[in-house]
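J.: Just passing along the structure, written as structure tokens.
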Amino acid sequence: MIFSKADFGGAVADFEAAVVAQDAKRSGKAFIRLQETFGRAKETELFAGGPRLAAVLEQVPPSPRAVVAVLVGACVERGADAERCAPGVLAGLRAALEGAVAFGEAWAATGGGAFPVPDDGEPGEEIVERTGFEAAVGWWTLSQWEMAAVALLNHRAVRAGLDGAAAVRAGLDEEAAGAGLDERAAGAGLDDATVRGQADSGRGELLRLLTAVAQASGQELRCLSYALRVLDDEPLVVLHRPSATGYLLRLSGIGDNFQLHTLLADALIGGGHVAGRAPSPQEVAVCRETPGQVETAGSFELVAPDGDRLWNEGTPADIPVVDGVRLLVLDEPSYARSWPAGRFFPGMRGDLILERALEPEETERWFARVSPAGELTG
């Protein structure tokens, strides 16, 4: 398809060609046109443009690279293929996180103090002198990379790709412990670069870098942290202490425990398994995929097996794993609490499926793994 230079598709083609040719003047002009024409872009332009821009991200100069990544994320939000866009954006995210970690180390080594708050421009000369240009850009653009990455992580296939990368590496390590990376890669039919790239792109490594940035800066990129911690097709054993019953459920795409809480109440109370306040169909719908928010109220106290309180503000990934399965205890709510039911990530479908009620013997065995009811801690 041929696009006019005056539309978004033409700007993408011109920017792509200029970046590949390393023509700074031409790419700069095309970069401005990308931003000017995006708002009126047609669906076909967005579908094609997102992956094309993602493919050249690594060759874009550091400062505008994050803005282009945000455009890619915006294309994905309007229908572009998230899986095709993911490699370029997630590689850029990792590089920005690594730069931000280096920024923190250099900042501490040169006197420390409060981290500078990034503005819309580039980091100033004084900051670059203290930390180096790439590290400064990493910290300066991290919020933009967060925006771009979260747009892609809304898609289950992208999250699965991160998990698949980690699984490939873990499987190779387990299968051929002690062997060289080249030998393990060959055994799996992969080349060395592929294995290294997959292993390095896992969400665990991104979370490690993100944690290091938060510790150094005192600032949490909450949306990115929560998006990287989203669980899919995850088994969950739930013990309802007031009724001494247990249930096996499976969750996917749930951004926080507010959302989980409402879906649990629907599955167990709404399903007629335990007593309590069942959420309305509208409250449940906005926690799955319907846009908007609806006021709701708490039905349970979420408790870890050791008796610690699990806050609604946390995520399902906070639920401890016991014998290979996440184990959650539900007590009567200790106080009345209400909040707007909905999704932490409005673009992410959430789901919680009740697979079966546990047999009494199973339930008893699981209850033996949890602390007795008592005063909540945490």
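The values are calculated or read from the model by the stated rules, or taken from the named source; none is laboratory data. Being a predicted model, the structure only gives us computed values, none of them experimental. Every residue, glycine as well, gets a Cβ built from its backbone with ideal geometry; the counts of neighbours run over all protein chains shown. For accessibility, only protein heavy atoms count, side chains too; no ligands or nucleic acids. Shrake-Rupley method; radii C 1.70, N 1.55, O 1.52, S 1.80 Å.
J.: With the structure loaded, tell me whether Ser338 is of a type in the set (S, T, N, Q) and closer than 20 Å to Leu263 by Cβ or whether it fails that test.
T.: Considered against the rule, which asks whether it is of a type in the set (S, T, N, Q) and closer than 20 Å to Leu263 by Cβ, Ser338 comes out as yes.
J.: Where residues in segment 282-306 are among the β-branched types (Val, Ile, Thr) and surrounded by 18 or more Cβ atoms within 10 Å (Cβ to Cβ), which of them is farthest from Arg326 (Cα to Cα)?
T.: Val294
J.: Moving on to the next point. Kindly state which helices (runs of 4 or more DSSP H) lie completely within segment 173-287 and contain at least 1 residues that are modelled with pLDDT under 95 and of a type in the set (Lys, Arg).
T.: 181-187, 192-200, 203-217
J.: How about segment 43-96: which of its residues are basic (Lys, Arg) and in contact with a Gly (Cβ under 8 Å, 6 or more places away or on another chain)?
T.: Arg65, Arg84
J.: Which of the residues belonging to segment 253-281 are within 26 Å of the chain's Cα centre (by Cα) and either open to solvent by 40 Å² or more (accessible area, probe 1.4 Å) or not small (Gly, Ala, Ser) (or both)?
T.: Once the filter is applied, which keeps residues that are within 26 Å of the chain's Cα centre (by Cα) and either open to solvent by 40 Å² or more (accessible area, probe 1.4 Å) or not small (Gly, Ala, Ser) (or both), segment 253-281 yields Ile254, Asp256, Asn257, Phe258, Gln259, Leu260, His261, Thr262, Leu263, Leu264, Asp266.
J.: Looking for something under 25 Å from the mean Cα position of the chain (by Cα) and closer than 30 Å to Met147 by Cα - is there at least one such residue anywhere in segment 238-251?
T.: yes
J.: Working only within segment 21-36, note down all residues that are open to solvent by less than 90 Å² (accessible area, probe 1.4 Å) and over 14 Å from Val67 (Cα atoms).
T.: Within segment 21-36, Ala21, Asp23, Ala24 meet the criteria.
J.: So the check is Cβ under 6 Å with 6+ separation or different chains; which pairs have a first residue in segment 208-228 that's without any contact (Cβ under 8 Å) to a residue 12 or more places away in the chain and a second one that's of a type outside the set (Gly, Ala, Ser)?
T.: Pairs that qualify, where the first residue is without any contact (Cβ under 8 Å) to a residue 12 or more places away in the chain and the partner is of a type outside the set (Gly, Ala, Ser), are Ala214/Glu220.
J.: Let me ask another. Suppose the filter is under 27 Å from Ala18 (Cβ atoms) and either in contact with a Ser or Thr (Cβ under 8 Å, 6 or more places away or on another chain) or buried (at least 19 other Cβ atoms within 10 Å of the Cβ) (or both); does Ala69 pass it?
T.: When the stated conditions are applied, Ala69 passes them.
J.: Taking segment 324-378 as the region of interest, how many residues are part of a loop (DSSP other than H, G, I, E, B), in contact with a strand residue (DSSP E or B) (Cβ under 9 Å, 6 or more places away or on another chain) and under 16 Å from Leu264 (Cβ atoms)?
T.: 6
J.: Out of the residues in segment 307-321 that are surrounded by fewer than 16 Cβ atoms within 10 Å (Cβ to Cβ) and hydrophobic (A, V, I, L, M, F, W, C), which is farthest from Leu251 (Cα to Cα)?
T.: Restricting to residues being surrounded by fewer than 16 Cβ atoms within 10 Å (Cβ to Cβ) and hydrophobic (A, V, I, L, M, F, W, C), the top hit is Trp311.
J.: Sticking with this one: Note down all Cβ pairs under 7 Å where the first residue falls in segment 318-332 and is farther than 24 Å from Gly298 by Cα, the second is part of a strand (DSSP E or B), and they're at least six residues apart or on different chains.
T.: Qualifying pairs under 7 Å: Val325/Pro235; Val325/Val237.
J.: Name the single residue, out of those in segment 50-66 being assigned to a helix (DSSP H, G or I), touching a residue at least 40 places away in the same chain (Cβ under 8 Å) and over 13 Å from Glu134 (Cβ atoms), that is least open to solvent (accessible area, probe 1.4 Å).
T.: Only one residue tops the list, namely Leu53.
J.: Take the residues in segment 1-18 that are of a type in the set (D, E, K, R) and either touching a Gly at 6+ places or on another chain (Cβ under 9 Å) or open to solvent by less than 50 Å² (accessible area, probe 1.4 Å) (or both); name whichever of them is modelled with the lowest pLDDT.
T.: It comes out as Asp7.
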